[in-house]
Structures are given as C-alpha cells and as structure tokens.
Amino acid sequence: MGNIGMPKQFMELCGKPIIIHTIERFLHSERIDKIYIGVHHEWIDYMQELLQKYFASTDVAVVVPGGADRNATVFNVIDRIEEDYGVSEDHIVLTHDAVRPFITQKIINENIDAARTYGAAAVAYNSIDTIVVSEDSAFITSVPERRKMYNVQTPQSFKINLLRELFESLDEEEKKTLTDACRICTVRNQPVYIVEGDISNIKITTPTDFKFAAAIAESFVE
C-alpha cells in the first residue's frame, strides 16, 4: 500500500477505518458470540482507542496480541477463546482478514454451517481468469484446467479442537510450509469444504484495491 505510516486496516474508508467496517459486519450477525482481534503489540492501544471511539463499549471485541506470523496469531486468539469459554467440541472459529470489509451475512452463516458439518471450511470462488504455473518466473510451465482453479478469500472456519489437533501433529518442517490455517488441514488430508465466495469480498492490499473498495463502500447493499 506504500508508505502510509500504519497497518492498512487502519486506513480510513468512507470516514471510518477499514477494520471498523469489518467488525461491524460481524456485529450484525446474531450467530457470532464474540469477536477477537489479533493485533501487533505496537498497535494494541490504538486498536482499543478505535473501539472506544466507534462503539458504545470496548466490550464489542477482545484485542489479543498477535504472533510472529498468521497462524501464531490465530492460535493466540484460540488460546484466549479457550481461556474465556473453556475447551469444547462445539467451539468454532471464523478467521477473517481485517482488510476484507464487505463480507456478507450469507458467507458468515454458510461458514458456520460448513464448519459444524465438515470441521473445516474456506471461502473461494471459481477463477474467472486462466491460471498458469511458472517454475522460474520467466516461462509458463503448465496451464491447469480453469474449472479446477479457485480464488481463495476468507473467512476460513474450523472446529477449534480439530484445528489444534492437526497443528500439534505437524513436525517443524511441515509447519514451515504453512501459509494459512487451511494449509494445516490439507497437509494432514483433512477435507476443507468450499463455501462460495463473492467477488465483492475483496482484500484491500494495493492502492487500486482501495479505489475499488471506496466505490463498493458507497454502493454496497446486501
């Protein structure tokens, strides 16, 4: 996103930080019991200030110190969930990018249902573009069938006990291959159900993404 002086989730989008838009989406769901926000330790106080500014109470979400990487942050949050609610086979966690502020209630509900039924789920939609593989970043090595290619979004959703069990079964070399929580499942051949995504559920990563997001924010209607 360039030198903006802060994590991109704190950039203002139509008058509010991106992460506030995202939190509001989950607050609208009657099926979400609690929101936990994994935050880099240097930005915890700032996140608390935003909660106080935009909501009647900071109790709308629990701020948890982030870890060294994405999965470490997920498990920091899971540890806090189990501290607050205990360990249960019924507990489900939806892990979501702070910079995807246009998640729909349909996607949230289908993630919850899929995680309960299958144990693990991820949001994705069939790729519109042809995907190519290059081994050397110079020449095309292969062209997979487009019908088998999907663009992955979030949430990624799991039964907490299952995710922890799978993660603890990995050795250190396997853990080095992890790019996200779904990879924890696929390494151990745990099926991950595909919840149909929405092209508007964009991840705001680049200045161009931000321009698209501003347009969506002005017209977005579920």
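The values are calculated or read from the model by the stated rules, or taken from the named source; none is laboratory data. All of these numbers come straight from a predicted model, not from anything done at the bench. Every residue, glycine as well, gets a Cβ built from its backbone with ideal geometry; the counts of neighbours run over all protein chains shown. Please note that ligands, DNA and RNA were not included when accessible areas were found on the heavy atoms of the full protein model with its side chains. Shrake-Rupley method; radii C 1.70, N 1.55, O 1.52, S 1.80 Å.
So which residues in segment 103-114 are open to solvent by less than 10 Å² (accessible area, probe 1.4 Å) and closer than 22 Å to Lys8 by Cβ?
Scanning segment 103-114 gives Ile103, Ile107.
When both residues are 6+ apart or on different chains and their Cβ atoms are under 7 Å apart, which pairs have a first residue that lies in segment 73-84 and is closer than 17 Å to Thr179 by Cα, and a second that is of a type in the set (Val, Ile, Thr)?
Val74/Thr95; Asn76/Val64
With the requirement that a residue be in contact with a strand residue (DSSP E or B) (Cβ under 6 Å, 6 or more places away or on another chain) and either assigned to a helix (DSSP H, G or I) or open to solvent by 40 Å² or more (accessible area, probe 1.4 Å) (or both), what does segment 24-35 give you? It would help to see each step written out before you state the result.
Narrowing segment 24-35 to residues in contact with a strand residue (DSSP E or B) (Cβ under 6 Å, 6 or more places away or on another chain): 26, 35.
Residue satisfying the conditions is Phe26 alone.
With the condition kept exactly as written, say whether any residue in segment 42-49 is touching a strand residue (DSSP E or B) at 6+ places or on another chain (Cβ under 7 Å), free of Cβ contacts under 8 Å to residues at least 24 places away in the same chain and in a helix (DSSP H, G or I). Explain how you work it out, then say what you get.
Looking only at segment 42-49, we keep the residues that are touching a strand residue (DSSP E or B) at 6+ places or on another chain (Cβ under 7 Å), and these are 44, 47-48.
Next, only the ones that are free of Cβ contacts under 8 Å to residues at least 24 places away in the same chain stay: 44, 48.
Checking the rest, the ones that are also in a helix (DSSP H, G or I) come to 44, 48.
Yes, segment 42-49 has at least one match.
If a residue must be under 18 Å from Ile32 (Cβ atoms), of a type outside the set (D, E, K, R), assigned to a helix (DSSP H, G or I) and out of contact with any Phe, Trp or Tyr (no Cβ under 7 Å at 6 or more places or on another chain), how many such residues does segment 76-88 contain?
Residues meeting the conditions: 2.
Applying the selection to segment 50-70, what residues are over 21 Å from Ile103 (Cα atoms) and either among the aliphatic types (A, V, I, L, M) or part of a loop (DSSP other than H, G, I, E, B) (or both)?
Just the residues of segment 50-70 that are over 21 Å from Ile103 (Cα atoms), to begin with: 52-53, 56-59, 64-69.
Residues satisfying the conditions are Ala56, Ser57, Val64, Gly66, Gly67, Ala68, Asp69.
Of the conditions (1) assigned to a helix (DSSP H, G or I); (2) open to solvent by less than 20 Å² (accessible area, probe 1.4 Å), Thr73 fails just one. Which one is it?
(2)
All but one of (1) touching a strand residue (DSSP E or B) at 6+ places or on another chain (Cβ under 7 Å); (2) at pLDDT 95 or above hold for Ala214; which doesn't?
Answer for Ala214: the failing condition is (2).
Considering only segment 113-130, how many residues are among the β-branched types (Val, Ile, Thr) and more than 16 Å from Gln153 (Cβ to Cβ)? Write out each step before concluding.
Step one: list which residues in segment 113-130 are among the β-branched types (Val, Ile, Thr), which gives 117, 123, 128, 130.
Then keep just the ones that are more than 16 Å from Gln153 (Cβ to Cβ); that gives 117, 130.
Counting residues in segment 113-130 that are among the β-branched types (Val, Ile, Thr) and more than 16 Å from Gln153 (Cβ to Cβ) gives 2.
Pick from Glu172, Glu196, Glu165, Glu135: which is surrounded by fewer than 16 Cβ atoms within 10 Å (Cβ to Cβ), modelled with pLDDT of 95 or more, under 18 Å from Ala72 (Cβ atoms) and of a type in the set (Asp, Glu)?
On the way: Glu172 fails: modelled with pLDDT of 95 or more; Glu196 fails: under 18 Å from Ala72 (Cβ atoms); Glu135 fails: under 18 Å from Ala72 (Cβ atoms).
Going through Glu172, Glu196, Glu165, Glu135 in turn, the sole match is Glu165.
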